[in-house]
Amino acid sequence: MNEMLGNQYFIARNFLAAQHYLEEALIKDPNNKFISRKLIICHAQTGRISESFKLFKNIIETDIEFIVNIDLLDEDCPCPEILKLIESQKELNESSVDYKLMLGIIWLFCDINNSKKYFDEAKKIVPNYPDLERVIFLIDKHIQSINSVFSD
Amino acid sequence: MLLSDKLKDNILDSIGEGVFTVDKNFKVNFFNKAAEKITGHLKEEVLGKFCKHIFRSEQCFSDCPIATVLKTKQNIFDYTYSITTNKGNKLPIKINAAVLYDDNNDPIGGVVSFRDLCEFELLGKNLMTKKIFQGMIGYSKQMQEIFELIDEISESNAPVFIHGESGTGKELVANAIQKTSSRNEFPYLKINCSVFPSHLLASELFGHVKGAFTDAIKDRQGRFEIVNNGTIFLDEVAEMPLQMQIQLLRVLQEGTFERVGESITRYSDVRVIAATNQNIQDALRRGTFRDDLFYRLNVIPIYIPPLRERKEDIIPLVKHFLNKFSIYYKKEIFEIEEAAIDVISDYSWPGNIRELENVIEYAFVRTTKKDTIEKIKLPNTLLEYKTTTQFTKNITPVSITNSEKSELLAILEKNRWNKALAAKELGIGRTTLWRKLKKYSLIT
């Protein structure tokens, strides 16, 4: 019940309610990447950046393409709308590490290079953050693999 | 025997309600033919898409029916929802929703059946119009059959003969027939055959030429000429003089007539609706109404039952008249006491709806301080009728004999105590009368 209800709130863009039900669903089914992927966005949107980042790192450790190659339309991914909304909100604290991490996470659903840009900016603020370094590494690695395909 | 998926799809495609199912991500995985018809989306276009992108309802974001079922664990029935059709129109629908579960009782999707609410509204309107048809109120089966018949004959040009007691609404039925007919754009004239002397009736119906009679100072068209291609309503047709009946029969048979005082034959295509409050069979027996005319007119007979035979119409009519008089007298009286309703319902209404209307107006006018019609404000005729019938209902055999005694006395008085005449009027023998007189001590 929880996953389906979480899915409904997610497509209705009620991230707080979706987060509640998806968290319950993830406890029941901890390896469900679909639930995790939605929860990453929910946490990012409800200010629980560290939890979002943790789930995000777990996914890209095993399957970065699960985020990078998401079909935005087919999966009704809210990230493009979120980014559009963020761009229109100038009052946000653009220099905080959470803000950079959140943008890095959300951008990975839409554009890997922009994602890396925000993670790099976060690293400048917190240089000794191993999980962040690992995320940047994985993203770099994936960018290189993409580039190598094109250079071949 | 288990049904195949294809057969199940065929079954769901055959029903009138739109049906769609979604998976646990709210992507459509079934969409039946009725759903295609209602929404304007083709099945192929919607399968695999999120339902919110198909139905584009604001309620998808705030009030998803499947989410409600998930939360409440109660299926939803007849829930009003608004969707956007493929053409971009807002469409109100009534929906039922349920959640689909797997063998482990985990939700795996949802099913929604829905119906175009406009259809409901149309149905409701149709039902309303069946009860209030062309200004007539008829909740009773008899009246609804009449409304249905009027609908059925709307394409016909055949003559209609309306039978019914005075005040039953024969003219309203005639109006409805005309209004729903294919001739409704053409002239419609009414004539009460009982109010014209025979020579004037002929002039009214067929016209006259100058000099045809003393007051005929110029040529004049008759009603049949004026309403060419239209409809004429001949009220109280049984009162028509026999000579006129022959002329009317000719118009009905041939469509021809002559103006009074003229020999030129004229033609007119007129649909005739006739009405009478007389017992037409009696009139035929007495020879005051021609058989051949009767059969010509009685192609579509309509019998309007008296109000006493359709008591279920009384209260709706009372309400209708209360509304009417509220507007007319600018008084807000919309209620009527239960006791007053009892009196009204028990009354026999010999004057039918016309009498009921008069009674309500009388009570309405008399009601000054309250917003409810009270029993005591009803006319005495009704109140006494109630008393009499109640009295009669509780009557002992003595009362009956008392009534017989009164009747005897009345007839004896009328016949100046001539017992032979009284016996004749009572339809009893003189010996029987003598025995009764003895019994009631009316003779010594």
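Read-outs throughout are calculated quantities, based only on the coordinates presented, and are distinct from any laboratory measurement. These figures come from a predicted structure and were not determined experimentally. Here the Cβ positions follow ideal geometry from the backbone for every residue, glycine too, while neighbour counts run over all protein chains shown.
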Worksheet item: Any idea what the relative contact order of segment B:5-121 is, in percent, if you count C-alpha pairs under 8 Å spaced at least 6 apart?
Response: 25 percent
Fill in: Förster-model FRET efficiency, 35 Å R0, residue B:82 and residue A:96, C-beta, rounded to 0.05
0.25
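Could you quote the convex hull projected area for chain A, Cα atoms only and averaged over all directions, in nm²?
Numbers: hull surface 37.2 nm².
Computing the convex hull of the Cα atoms and averaging its projections yields 9.3 nm².
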Worksheet, complete the sentence: Pseudo-spin-label distance residue B:155 to residue B:346, built 7 Å along Cα→Cβ, given in nm, is 5.0 nm
Practice prompt. Identify all aspartates and glutamates with a Cα-Cα distance to residue A:57 below 12 Å; exclude those on the same chain that are fewer than 8 residues away in sequence.
Written response: A:131, A:133
Worksheet item: So what is the relative contact order for segment B:135-305, in percent, with contacts set as C-alpha pairs under 8 Å and at least six apart?
Response: 32 percent
Fill in: lysines whose Cα lies under 20 Å from that of residue B:131, excluding same-chain neighbours fewer than 8 positions away
B:141, B:170, B:179, B:311, B:319, B:324
Worksheet entry | Cα-centred dipole magnitude for the protein assembly as shown, charges only on beta-carbon of K, R (+1) and D, E (-1), debye, nearest 20 | 3160 debye
Fill in: Ranking of B:356, A:73, B:149 by count of other Cβ atoms within 10 Å, fewest first
A:73, B:149, B:356
Worksheet entry | 19 Å Cα-Cα reach of residue B:438 towards aspartates and glutamates, excluding residues that sit fewer than 8 places from it in its own chain | B:404, B:407, B:413, B:425
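Within segment B:310-359, which chymotrypsin sites (Phe, Trp or Tyr not before Pro) sit in a loop by DSSP and count at most 13 neighbouring Cβ atoms inside 10 Å? Mind showing how you got there, number by number?
Values: sites: B:321, B:325, B:328, B:329, B:334, B:347; in loops: B:334, B:347.
When the chymotrypsin sites (Phe, Trp or Tyr not before Pro) of segment B:310-359 are filtered for loop state and at most 13 Cβ neighbours within 10 Å, B:334 remain.
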Discussion item. Considering only C-alpha atoms, what is the centroid distance from segment B:128-162 to segment A:1-69, in Å?
Written reply: 64 Å
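Just in segment B:317-360: which GluC sites (Glu not before Pro) are loop by DSSP and have at most 13 other Cβ atoms within 10 Å? Walk me through the numbers before you get to the answer.
Details: sites: B:332, B:335, B:337, B:338, B:355, B:357; in loops: B:332, B:337.
Loop-located and lightly packed - B:332.
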Response to the item:
Expected sort for A:68, B:46 with the fewest Cβ neighbours (10 Å cutoff) up front is A:68, B:46
Response to the item:
Rounded to whole angstroms and listed largest first, the alpha-carbon spread of segment B:138-256 along its three principal axes comes to 53, 28, 22
Practice prompt. Enter the mean projected area of the convex hull around the alpha-carbon atoms of the protein assembly as shown, in nm², rounded to one decimal.
Written response: 54.1 nm²
Response to the item:
When the charge dipole of segment A:49-110 is computed with +1 at the Cβ of Lys and Arg and -1 at the Cβ of Asp and Glu, the Cα pointing farthest to the positive end, of A:95, A:49, A:85, is that of A:95
Fill in: Label-point separation in nm, residue B:419 to residue A:17, each point 7 Å along Cα→Cβ
9.7 nm
Worksheet item: How do B:161, B:61, B:30 rank when sorted from fewest to most other Cβ atoms within 10 Å of their own Cβ?
Response: B:61, B:30, B:161
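What does the charge count near residue A:57 come to, summing +1 for each Lys or Arg and -1 for each Asp or Glu among other residues with Cβ under 10 Å from its Cβ?
Residues close to residue A:57 contribute a combined charge of 0.
Which value in deg cm²/dmol, rounded to the nearest 500, describes the helix-derived mean residue ellipticity at 222 nm for the protein assembly as shown, given -39,500 (n - 2.57) per DSSP H run of n ≥ 4 and division by the residue count?
Numbers: 30 runs with 323 residues, N = 596.
Helix contribution divided over all residues of the protein assembly as shown: -16500 deg cm²/dmol.
Could you give me D for chain B, from Stokes-Einstein at 4 °C and 1.567 mPa s, where the hydrodynamic radius is the Kirkwood radius over C-alpha pairs? Units µm² s⁻¹, please. Could the numbers behind the result be given before it?
Values: Rh = 28.7 Å.
Diffusion coefficient, whole number: 45 µm²/s.
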Discussion item. Give me the percent relative contact order of chain B, please, defined on Cα pairs under 8 angstrom at least 6 residues apart.
Written reply: 11 percent
Fill in: Antiparallel DSSP beta bridges within chain B, as percent of all bridges there, nearest 5
60 percent
Discussion item. Is there a quick way to get the dipole size of chain B? I mean about its Cα centre, with the Cβ of Lys and Arg at +1 and of Asp and Glu at -1; what is the value in debye to the nearest 20?
Written reply: 1500 debye
Discussion item. Testing the spin-label approximation: label points 7 Å from Cα along Cα→Cβ at residue B:323 and residue B:199. State their distance in nm.
Written reply: 5.0 nm
